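Trainee: Right, I'll just put the structure down here and ask away after.
The values are calculated or read from the model by the stated rules, or taken from the named source; none is laboratory data. Worth saying up front: this structure is predicted, and the values here are computed from it rather than measured. Heads up, the Cβs are rebuilt from the backbone with ideal geometry, glycines too, and the neighbour counts pull from every protein chain shown. Only protein heavy atoms, including side chains, enter the accessible area calculation; ligands, DNA and RNA are left aside. Shrake-Rupley method; radii C 1.70, N 1.55, O 1.52, S 1.80 Å.
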Amino acid sequence: MTGGPELYGFPPPEKVPDLRWLGPDYVSVLVYDLTQGLLRQDPRTSVMGVRCEGEPRLDPSVDPAGVIRAHDACFPLQVFVQDGAGRPWRLRGRWTYSGRELGTSAASITHFWRLLSADGV
């Protein structure tokens, strides 16, 4: 992401082939979705950096034929932001994608953030 936030600790896409359902560059997708969510809360927020603090937890579910049709991917993150008033913050939490009916015309992917802590830095 040229000109975007600094990114740290994310496993390269080739090391997590189970995340292909998020697209060829899951990190860009995640950072975009996370940033859009923060901007909805405060349109003047700037995301300065995102650090993946460990391996994502991957929870696939298979249908009776053995095909993965549901998949959750949970990322432990630190997100460094500057709020609209110019104050820097470190947010810690879990970003989760939930894919359902994958590989079908009814496929859907949702995401959510679970904030664990917010510290002014």
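Trainee: Roughly to the nearest percent, how much of the accessible area of the chain is carbon and sulfur, given a 1.4 Å probe?
Mentor: Values: 3690 of 7070 Å².
Answer for the chain: carbon and sulfur cover 52 percent of the accessible area.
Trainee: Still on this structure, I have one more. Suppose R0 equals 30 Å; then what is the FRET efficiency for Arg44 and Asp72 from their Cβ-Cβ distance, rounded to the nearest 0.05?
Mentor: Working: r = 32 Å, r/R0 = 1.06.
With a Förster radius of 30 Å, E is 0.40.
Trainee: Could I ask something else about it? Given only helices, namely DSSP H runs of n ≥ 4 each adding -39500 (n - 2.57), what is the per-residue ellipticity at 222 nm of the chain, to the nearest 500 deg cm²/dmol? Write out the running numbers ahead of the final one.
Mentor: Details: 1 runs with 16 residues, N = 121.
Dividing the helical sum by the residues of the chain leaves -4500 deg cm²/dmol.
Trainee: Using the beta-carbon distance between Thr110 and Asp18 and R0 = 25 Å, what value does 1/(1 + (r/R0)^6) give for FRET efficiency, to the nearest 0.05? Don't skip to the end; give the middle numbers.
Mentor: On the way: r = 18 Å, r/R0 = 0.71.
The computed FRET efficiency comes out at 0.90.
Trainee: Take the Cα of Val121, step 7 Å along the line toward its Cβ, and report every residue of segment 15-37 whose backbone nitrogen sits under 11 Å from that point.
Mentor: Of the residues in segment 15-37, none has backbone N under 11 Å from the label point off Val121.
Trainee: Residues of segment 1-93: accessible area per residue at 1.4 Å, in Å²? Please list the in-between numbers first.
Mentor: Details: 5260 Å² over 93 residues.
I get 57 Å² per residue for this part.
Trainee: Here is a follow-up. I'd like the Karplus ³J(HN,Hα) series for segment 19-25: coefficients 6.51, -1.76, 1.60, θ = phi - 60°, whole numbers in Hz, and an x wherever there's a Gly or Pro.
Mentor: Those phi angles translate into 9, 4, 5, 8, x, x, 10 Hz.
Trainee: HN-Hα J couplings of segment 94-101 from phi, Karplus 6.51/-1.76/1.60, θ = phi - 60°, integer Hz, Gly and Pro as x?
Mentor: Result, ordered by residue: 10, 9, 10, 9, 10, x, 10, 6 Hz.
Trainee: Sticking with this one: Per residue of segment 66-76, in order, report the coupling 6.51 cos²θ - 1.76 cosθ + 1.60 (Karplus, θ = phi - 60°) as ³J(HN,Hα) in whole Hz, putting x for Gly and Pro.
Mentor: x, 8, 5, 10, 9, 8, 10, 9, 10, 10, x
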